[in-house]
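Quick notes on the structure that follows.
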Amino acid sequence: QVQLGESGGGLVQAGDSLRLSCVASGRTYAMAWFRQAPGKEQEFVGAISRTGSSIFYGDSVKGRFTISRVNAENTVYLQMNNLLPEDTAVYSCAARLDNSPLSRVAYEYGYWGQGTQVTVSS
């Protein structure tokens, strides 16, 4: 079992940057960020393997967002640059406790945080 807690969300203007953090209560393997905007389906944002050697991004955030992790701190980060109004959503981190291949699929992550709101004004 592991608990996840996100922080770093807020209200920003288009073009601004934010860094989200997700702290796990214990050791994790793959970690990922997903987001969900009101009235829309959950969307994959990015995922990172435990070693950081494998990283995936969703198409809508490539080149703007960077996922990273510090295992000694059980923390994964999401650096979001050049934010757009369409990035407005609740961002949730997720984790796997097994060493399976990195995935973009939400149901393959068994542990989730409560989410943090990111709002980007135009």
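Bear in mind these aren't lab numbers, they're just calculated from the coordinates by the rules spelled out. Owing to the predicted nature of the structure, the values given are computational and were not obtained by experimental measurement. Note: ideal-geometry Cβ built from the backbone for every residue, glycine included; neighbour counts use all protein chains shown.
Distance between the C-alpha centers of segment 85-108 and segment 1-64? Whole Å please. Value for the Cα centre distance between the two parts: 7 Å.
Computed log10 I(q)/I(0) for the chain at 0.11, 0.18, 0.19 Å⁻¹: -0.31, -0.85, -0.95, from the Debye equation with unit scatterers placed on every C-alpha and solvent omitted. Projecting label points 7 angstrom from Cα along Cα→Cβ for residue 7 and residue 23 puts them 0.5 nm apart.
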